[in-house]
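See below for the structure under consideration.
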Amino acid sequence: MSIRNRVIAGGAVAVLAVTLGGVSLALADNSVSTQDISGQMTYYNDSGYGACGTVVDAATQDLVAVSHEWWTAANPNEDRLCHGVSVQVSYQGKSITVPVMDMCPSCDAEHIDLSQSAFQRLAPLDKGLVDGITWKFLAGDGSWTIPAPLRSATPSGGTDGPGARTS
């Protein structure tokens, strides 16, 4: 593990780079591999404004809320994740690709919160929490890199049941 100092807007900021299982992680403006991330998924069915500033209906729209740890902009509406980024999720031989439209404040970096409609394309709703998924970010035009989470990608074991997240 290495730590570098950077000067951003006149202040020193520590930048942490971690390599974990062949996946290189870094903070802020550095890249993260778009290799598959092993983790878990839950679902939610809220409606209203998502973190990207658009109206979402998680009961009927296919979308994903990713952990707050992946967001880097002070105003989530302006985050790079809100501009053409999708998540490809695979579970038991099924795969879907859904746009990032929301933030999951209770998810750790490996945990994604799918909309109810997207979740049921991969698993029955009564499962609620599904371990053993793989997922990765897909950038729209490849002109920028996906930010790394604000901590290392080590599963915390935290859980989040359907409807338990708040936005």
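The values are calculated or read from the model by the stated rules, or taken from the named source; none is laboratory data. Computed from a predicted structure; not experimentally measured. Every residue, glycine as well, gets a Cβ built from its backbone with ideal geometry; the counts of neighbours run over all protein chains shown. Surface areas here come from the heavy atoms of the whole protein model, side chains and all, with no ligands, DNA or RNA. Shrake-Rupley method; radii C 1.70, N 1.55, O 1.52, S 1.80 Å.
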>> As an exercise: evaluate residue 160 against (1) open to solvent by less than 60 Å² (accessible area, probe 1.4 Å); (2) modelled with pLDDT of 60 or more; (3) within 21 Å of residue 56 (Cα to Cα) and give the number of the one condition it does not meet.
In response: (2)
> Since residue 12 meets every condition but one in (1) modelled with pLDDT under 90; (2) part of a loop (DSSP other than H, G, I, E, B); (3) open to solvent by 30 Å² or more (accessible area, probe 1.4 Å), which condition does it not meet?
Replying inline: (2)
> Going through the stretch 55-78 one residue at a time, which ones are modelled with pLDDT under 95 and either surrounded by fewer than 17 Cβ atoms within 10 Å (Cβ to Cβ) or among the polar types (S, T, N, Q) (or both)?
Replying inline: 72, 73, 74, 75, 77, 78
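Quick grid of which residues meet (1) farther than 11 Å from residue 41 by Cα; (2) under 15 Å from the mean Cα position of the chain (by Cα); (3) outside any strand (DSSP E or B):
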{"position": "52", "(1), (2), (3)": "yes, yes, yes"}
{"position": "61", "(1), (2), (3)": "yes, no, yes"}
{"position": "66", "(1), (2), (3)": "no, yes, no"}
{"position": "84", "(1), (2), (3)": "yes, yes, yes"}
{"position": "88", "(1), (2), (3)": "yes, yes, no"}
{"position": "97", "(1), (2), (3)": "yes, yes, no"}
{"position": "100", "(1), (2), (3)": "yes, yes, no"}
{"position": "108", "(1), (2), (3)": "no, yes, yes"}
>> Given the condition farther than 17 Å from residue 57 by Cα, in contact with a Gly (Cβ under 8 Å, 6 or more places away or on another chain) and of a type in the set (A, V, I, L, M), answer yes or no: does some residue in the stretch 89-107 qualify?
In response: no
>> Any residue at all in the stretch 41-52 that's open to solvent by less than 40 Å² (accessible area, probe 1.4 Å) and modelled with pLDDT under 95?
In response: no
> With respect to the numbered conditions (1) modelled with pLDDT under 95; (2) in contact with a Gly (Cβ under 7 Å, 6 or more places away or on another chain); (3) buried (at least 19 other Cβ atoms within 10 Å of the Cβ), which one is the sole condition not fulfilled by residue 81?
Replying inline: (2)
> Restricting attention to the stretch 29-40, which residues are modelled with pLDDT under 90 and outside any loop (DSSP other than H, G, I, E, B)?
Replying inline: none
